[in-house]
Amino acid sequence: MATGFGVGKVGFAPGTFGTLLGVPVYLVLMQAAAGVYLLALALLLAFAVWVCGIAERGLPHDDASIVLDEIVGYLITMYAAPVGWVWVIAGFLWFRLFDIWKPFPIGRIDRSLPGGFGTVLDDAAAGVYAWAGLQATALLIGAPTLVP
């Protein structure tokens, strides 16, 4: 599960392919009320910390093959996003930018927190940054967002 059922084992860009796994999950969750979306996200985040922690018993910390954290980060990015494929793609790009770049404190989170916490919470932080970027983009161009 931590490797996205093997998607994280692809030979190149496993984080990108892992993030792609988040798209169908988002397409299902986007139909839920905001509270249900947030509850599902919180449960998935907790589950991911647990599963990624178990995976790290046999893999290096935040190994590239672990992609469940990318799914969580993408779902954070897409909370209350405008509706439409352009926003699904924009959220994907915003998330990949921050997941790869790891501006402060994202890189520090990954290095400082052990096990599943560090693996998942750095991507959660990248998701928060990407969420802000996506919401700012929508605001700048006048797209309706779903922020309550």
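Restricted to helices (runs of 4 or more DSSP H) entirely inside region 12-78, those with at least 3 residues that are within 11 Å of the chain's Cα centre (by Cα) and in contact (Cβ under 8 Å) with a residue 40 or more places away in the chain are 14-29, 68-77. Considering each residue of region 116-136 in turn, at least one proves to be more than 20 Å from Leu45 (Cβ to Cβ), surrounded by fewer than 22 Cβ atoms within 10 Å (Cβ to Cβ) and over 15 Å from the mean Cα position of the chain (by Cα). Scanning region 1-11 for residues that are surrounded by fewer than 18 Cβ atoms within 10 Å (Cβ to Cβ), outside any helix (DSSP H, G or I) and not β-branched (Val, Ile, Thr) yields Met1, Phe5, Gly6, Gly11. For region 30-37, does any single residue satisfy the condition of being closer than 15 Å to Ile100 by Cα, surrounded by fewer than 20 Cβ atoms within 10 Å (Cβ to Cβ) and polar (S, T, N, Q)? The answer is no, given that none of the residues of region 30-37 is closer than 15 Å to Ile100 by Cα, surrounded by fewer than 20 Cβ atoms within 10 Å (Cβ to Cβ) and polar (S, T, N, Q). If the condition is being surrounded by 14 or more Cβ atoms within 10 Å (Cβ to Cβ) and part of a helix (DSSP H, G or I), then region 137-148 contributes Thr137, Ala138.
Each reported figure results from applying straightforward, stated rules to the coordinates on display, with no laboratory input. Because the structure is predicted, anything quoted here is derived from the model rather than measured. Please note: Cβ atoms are built from the backbone with ideal geometry, for glycine as well, and neighbour counts cover all protein chains shown.
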